[in-house]
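The values are calculated or read from the model by the stated rules, or taken from the named source; none is laboratory data. No experiment lies behind these values; they were computed from the predicted model shown. A quick note on method: Cβ atoms are made from the backbone with ideal geometry, for glycine too, and the neighbour counts reach across all protein chains shown.
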Amino acid sequence: MKLLEHLARACAIAAGLLLTVITLMTCVSLIGRNTTGWTIVGDFELSGSAAGAAIALFLPWCQIRRGNIIVDFFTAKAGSATNAALDRLGALLLGVAMALLAWRSAIGGWNAWTSQSGSMMLGFPEWIVYCGIVPPLVLTALIGLTQALRGFGDKVDE
């Protein structure tokens, strides 16, 4: 689990750096647009693509830290063993869903590569965005499946 945690941390750092670059690019574009009339052409396309990749890059860290929203209205009074079993079931379902998303995103990336599709203004290759999305989805699936099998390290699961 330590390796998965290190990989998740690296993904989160990459996402933070990506969001920092988006923010700086947007600031430069807005300042230029409002002062000199100069702007970065297609900045909104790059921002959208990078934001999608950043969201995917944050998913592994969120799962490893158990940061997803848990609605425990019906299970608040259940025993710790029941809650642990439900948490593991949730991790399993998330792992399966992320694996499905990774598979379909990989197919979408392959289709974008073969058709050489790009963004409207810049012609930025769409397959690059898929390359940034698929690995963190796979990592999130691995983390979820590992948590479903091994538990979360709580005393109930040991």
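Of the residues in the stretch 63-82, at least one is assigned to a helix (DSSP H, G or I), modelled with pLDDT of 90 or more, surrounded by 12 or more Cβ atoms within 10 Å (Cβ to Cβ) and in contact with a Leu (Cβ under 7 Å, 6 or more places away or on another chain). In the stretch 94-101, is there at least one residue being farther than 16 Å from Leu139 by Cβ, surrounded by fewer than 17 Cβ atoms within 10 Å (Cβ to Cβ) and either of a type in the set (A, V, I, L, M) or under 14 Å from the mean Cα position of the chain (by Cα) (or both)? Checking the stretch 94-101: not a single residue is farther than 16 Å from Leu139 by Cβ, surrounded by fewer than 17 Cβ atoms within 10 Å (Cβ to Cβ) and either of a type in the set (A, V, I, L, M) or under 14 Å from the mean Cα position of the chain (by Cα) (or both). Scanning the stretch 97-125 for residues that are within 30 Å of Thr39 (Cα to Cα) and free of Cβ contacts under 8 Å to residues at least 60 places away in the same chain returns Gly109, Ala112, Trp113, Ser115, Gln116, Ser117, Gly118, Gly123, Pro125.
Matching residues to (1) among the hydrophobic types (A, V, I, L, M, F, W, C); (2) out of contact with any strand residue (DSSP E or B) (no Cβ under 7 Å at 6 or more places or on another chain); (3) in contact (Cβ under 8 Å) with a residue 60 or more places away in the chain; (4) closer than 25 Å to Gly16 by Cα:
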site: Arg66; (1), (2), (3), (4): no, yes, yes, yes
site: Asp72; (1), (2), (3), (4): no, yes, no, no
site: Thr75; (1), (2), (3), (4): no, yes, no, no
site: Gly95; (1), (2), (3), (4): no, yes, no, yes
site: Cys131; (1), (2), (3), (4): yes, yes, no, yes
site: Ile143; (1), (2), (3), (4): yes, yes, yes, yes
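Looking only at residues in the stretch 102-113 that are touching a Pro at 6+ places or on another chain (Cβ under 9 Å) and of a type in the set (Gly, Ala, Ser), the one that is surrounded by the most Cβ atoms within 10 Å (Cβ to Cβ) is Ala102. Inspection of the stretch 114-129 identifies no residue that is at pLDDT 95 or above, surrounded by 18 or more Cβ atoms within 10 Å (Cβ to Cβ) and not aromatic (Phe, Trp, Tyr). Scanning the stretch 23-61 for residues being surrounded by fewer than 16 Cβ atoms within 10 Å (Cβ to Cβ) and in a helix (DSSP H, G or I) gives a total of 17. Just one of (1) closer than 23 Å to Val134 by Cα; (2) touching a residue at least 40 places away in the same chain (Cβ under 8 Å) fails for Val41. It is (1). Considering only the stretch 110-140, state which residues are among the small types (Gly, Ala, Ser) and within 20 Å of Ala14 (Cα to Cα). The answer is Gly132, and nothing else. So for the stretch 8-16 (the condition being in contact with a Ser or Thr (Cβ under 6 Å, 6 or more places away or on another chain) and more than 22 Å from Leu145 (Cβ to Cβ)), does at least one residue qualify? Taking every residue of the stretch 8-16 in turn, none turns out to be in contact with a Ser or Thr (Cβ under 6 Å, 6 or more places away or on another chain) and more than 22 Å from Leu145 (Cβ to Cβ).
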